[in-house]
Amino acid sequence: QMPTSELEKRRMAYFFCDSLTELFNEDYLQTILNTLDHPFKSLNILELKDFTHYNKKYSWDEGNKIIKSFAQFLKQKFPEAIIIRFHGDDFVILHKYNFKVKIDNISTFKQIDKINIDIHSYAIDEYFDFKKFQQISSHTV
């Protein structure tokens with residue numbers, strides 16, 4: 001459930017906000033997907049491949065700049081979605097309708113040439129199993 005008052009927004013930010021990107025964090029994703037009455041129909045994972053290598057080559061500070069910049073890009077590109085920082089250098093996009101993110105959707109990110117991205121898309125329906133998703137995502141992401 002999304003917050004309806006300013007107090008609820010501040011409370012939610014305290015518990016569910018990622019400090020680097022100001023996106024929602026993994027705890028929020030777990031809370032949402034463990035709630036039966038959430039409105040989301042699709043989940044997309046944007047996996048930044050070998051990002052640790054980027055951090056080692058250019059520095060963690062430079063890596064954080066890319067992460068933060070990519071987070072802002074995703075918020076602007078998908079304003080109707082919930083964007084979550086996931087597993088440190090990956091992102092989850094939740095939509096209220098069926099939507100598969102494709103590389104064309106994110107190819108305008110100005111630093112796309114610095115990162116390698118895999119995209120995994122899932123329909124959230126009566127067959128979606130959050131526990132199974134957690135197992136899959138811990139192996140693929």
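If each residue of separation counts as 0.36 nm, what is the full-extension length gain between residue 72 and residue 122 once their alpha-carbon separation is subtracted? Don't jump to the answer; show the numbers that get you there.
Working: separation 50, 0.36 × 50 = 18.00 nm, distance 2.28 nm.
Contour length minus Cα-Cα distance gives 15.7 nm.
Report, for the chain, the % of DSSP beta bridges that are antiparallel, rounded to 5. All intermediate terms of the calculation are to be shown ahead of the outcome.
Numbers: 20 of 21 bridges.
In the chain, approximately 95 percent of DSSP beta bridges are antiparallel ones.
With unit charges on the beta carbons (Lys and Arg positive, Asp and Glu negative) and the dipole taken about the Cα centre of the chain, which residue among 87, 121, 64 sits farthest to the positive side?
It is 64.
What's the local net charge at residue 84, with K and R +1, D and E -1, over the other residues with C-beta under 12 Å away?
Details: positive: 75, 85; negative: 18, 22, 26, 27, 90.
Around residue 84, the charge tally is -3.
Mind checking which of 121, 59, 69 has the largest fluctuation in a GNM of the chain, springs on alpha carbons under 10 Å?
Top of the fluctuation ranking is 59.
Sort 56, 77 by accessible area with a 1.4 Å probe, largest first. Write down the numbers at each step before the final one.
On the way: 56 155, 77 85 Å².
Ranking 56, 77 by accessible area, largest first, yields 56, 77.
Counting only protein heavy atoms, what percent of the accessible surface of the chain is carbon or sulfur at a 1.4 Å probe? Walk me through the numbers before you get to the answer.
Values: 4250 of 8650 Å².
Percent of accessible area from carbon and sulfur atoms in the chain: 49.
Leaving out ligands and nucleic acids, and using a 1.4 Å probe, what accessible area per residue does region 7-141 come to in Å²?
Numbers: 8090 Å² over 135 residues.
Each residue of region 7-141 exposes 60 Å² on average to a 1.4 Å probe.
Using just the alpha carbons, could you tell me how many Å³ per residue the convex hull of region 1-63 encloses? Walk me through the intermediate numbers first.
Details: hull volume 6.5 nm³, N = 63.
Roughly 104 Å³ of hull volume per residue.
Give me the compactness ratio for region 3-139, meaning the Cα radius of gyration over 2.2 N^0.38 Å.
Working: Rg = 15.0 Å, N = 137, 2.2 N^0.38 = 14.3 Å.
Compactness ratio reported: 1.05.
Anything over 19 Å Cα to Cα? Flag those among 49/110; 41/110; 65/100; 57/114; 75/110, in the order listed. Working shown, then result.
Numbers: 49/110 17 Å; 41/110 29 Å; 65/100 26 Å; 57/114 12 Å; 75/110 15 Å.
Table pairs above 19 Å Cα-Cα are 41/110; 65/100.
Once label points are set 7 Å from the Cα along Cα→Cβ at both residue 31 and residue 9, what is their separation, rounded to one decimal in nm?
In this crude label model, residue 31 to residue 9 measures out at 1.6 nm.
Counting only Cα atoms, I'd like the Rg/Rh figure for region 64-107, Kirkwood definition for Rh. Don't skip to the end; give the middle numbers.
Values: Rg = 10.4 Å, Rh = 11.0 Å.
Result: Rg/Rh = 0.94.
Can you list residues from other chains, or at least 5 along the same chain, whose modelled amide H is less than 5 Å from the amide H of residue 116?
Distant-sequence amide H within range of residue 116: 49.
To the nearest 20 Debye, how big is the dipole of the chain about its Cα centre, given +1 on the beta carbon of each Lys and Arg and -1 on that of each Asp and Glu?
On the way: 19 positive and 20 negative charges, 63 e Å.
Computed charge dipole of the chain: roughly 300 debye.
The values are calculated or read from the model by the stated rules, or taken from the named source; none is laboratory data. Computed from a predicted model, the values in this text were never measured in an experiment. Here the Cβ is made from the backbone with ideal geometry for all residues, glycine too, and neighbour counts use every protein chain on show. SASA here: full protein model, heavy atoms, side chains in, ligands and nucleic acids out. Shrake-Rupley method; radii C 1.70, N 1.55, O 1.52, S 1.80 Å.
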